[in-house]
Amino acid sequence: MTNELTFRISTTPFDEDYSPSADSRATTNFANLARGEDRQQNLRNVLTMIDRRCNDLARWDNPNGDRYTVELEIVSVDAALTADGEQRHFPLLEVLDVHIRDSHTGVRHHGIVGNNFSSYVRDFDFSVRLPAATADAGAFTVPDDFGALHGALFQAFLDSDAYRERFEAPPVICISVSTSKTYRRTDNTHPVLGVEYLQSEYSLTDEYFARMGLRVRYFMPAGSAAPLAFYFRGDLANDYTNLQLVGTISTMESFQKIYRPEIYNANAAAGSVYRPSLEHGDFSRTQVDYDRVERAQLAITQGTYAAEHFLTPYGDVLARWAGLEPALAL
């Protein structure tokens, strides 16, 4: 038995010909879009949305609004754990990596990795462990070590040779703001990220990402309907170029318009004091099919899979590796 944990990265182009493999995470949002009879049209539509938003944000030296094309890759990460003299592999997480191709110069710029973050262990934490703890307590209950193992795994991946050899900068994970919190607009404005919002307290998701070593800031880019939550290491506003930030925003905002149109494709933009809601009816639907109910159901399925094949058989090994005391409670 050893404390060694290593990581392996594989990539798959995300384009109109993308089809999820048998090994793809079913709860990955981009895999959800790539199933069914209309899968190819779905993919064309979302890629068109991303390119248009990219050129809308990157307006400098772009008079016709067609200079840039966003190219995406799915990054799949496996964890390899040595236990009882044998090496065991487990699919850990998937994210999108972004490149931006400049048609004027022919240069393919590397953007920022991190969009559409999806994780088996996070599915277990939120869709299996948290409901079980709440049911046992008879009221909403968050275990004291909630997210600790996931955070240790994620940070170990970022610090691994596999990550450093493949990516030059830390990831930025961009997701929807919380529907349980209120956001207030500030006077701080970034040329690409847009106007900054603050909230009075962190959400459970914010605290979970903090376990992953990531801070959070909330910005609403020009032309957006609502702020986005940006999770990052370092300095979000200064560690990346404007074009890199454009690539992240255009990609994730387009996906959020599909996932949460009530918020991100609303017909009225967020005001100075903003409380997101999925109950608002004043929004427009995109021309992309997405099944939110199926996504929630699959999260339970894959969280259970993580427990059965990774967390239960290797829980003690993982807890010792992560320095968690007592051993991971499932």
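The values are calculated or read from the model by the stated rules, or taken from the named source; none is laboratory data. Just so it is clear, the structure is predicted and the values come from calculations on it, not from any experiment. Glycine also receives a Cβ, built like all others from the backbone with ideal geometry; neighbour counts cover every protein chain displayed. Note: accessible area is taken over every heavy atom of the protein model, side chains too, but ligands, DNA and RNA are not part of it. Shrake-Rupley method; radii C 1.70, N 1.55, O 1.52, S 1.80 Å.
What to note about this one:
- Residues of the stretch 200-225 that are touching a Lys or Arg at 6+ places or on another chain (Cβ under 9 Å), surrounded by fewer than 18 Cβ atoms within 10 Å (Cβ to Cβ) and not polar (S, T, N, Q): GLU201, TYR202, GLY213, ARG215, GLY223.
- Identity of the residue in the stretch 185-199, among the polar types (S, T, N, Q) and at pLDDT 95 or above, that ends up least open to solvent (accessible area, probe 1.4 Å): THR186
- Test for VAL142: is it surrounded by 14 or more Cβ atoms within 10 Å (Cβ to Cβ) and either under 26 Å from GLN256 (Cα atoms) or hydroxyl-bearing (Ser, Thr, Tyr) (or both): no
- Of the candidates THR248, THR205, the single residue that is within 19 Å of LEU57 (Cβ to Cβ), part of a helix (DSSP H, G or I) and β-branched (Val, Ile, Thr) is THR248.
- Residue count, the stretch 242-283 (criterion: polar (S, T, N, Q), in contact with a strand residue (DSSP E or B) (Cβ under 8 Å, 6 or more places away or on another chain) and open to solvent by 20 Å² or more (accessible area, probe 1.4 Å)): 4
- Tally of residues being touching a strand residue (DSSP E or B) at 6+ places or on another chain (Cβ under 9 Å), farther than 30 Å from SER160 by Cα and of a type in the set (Lys, Arg) across the stretch 54-94: 1
- The number of residues in the stretch 145-167 being part of a helix (DSSP H, G or I), in contact (Cβ under 8 Å) with a residue 40 or more places away in the chain and open to solvent by 20 Å² or more (accessible area, probe 1.4 Å) comes to 5.
- Qualifying strands (runs of 3 or more DSSP E) (wholly inside the stretch 67-116; at least 1 residues being open to solvent by less than 10 Å² (accessible area, probe 1.4 Å) and farther than 17 Å from SER10 by Cβ): 68-83, 86-102
- Residue in the stretch 29-49 that is buried (at least 19 other Cβ atoms within 10 Å of the Cβ), in contact with a helix residue (DSSP H, G or I) (Cβ under 9 Å, 6 or more places away or on another chain), under 19 Å from VAL107 (Cβ atoms) and modelled with pLDDT of 90 or more present: no
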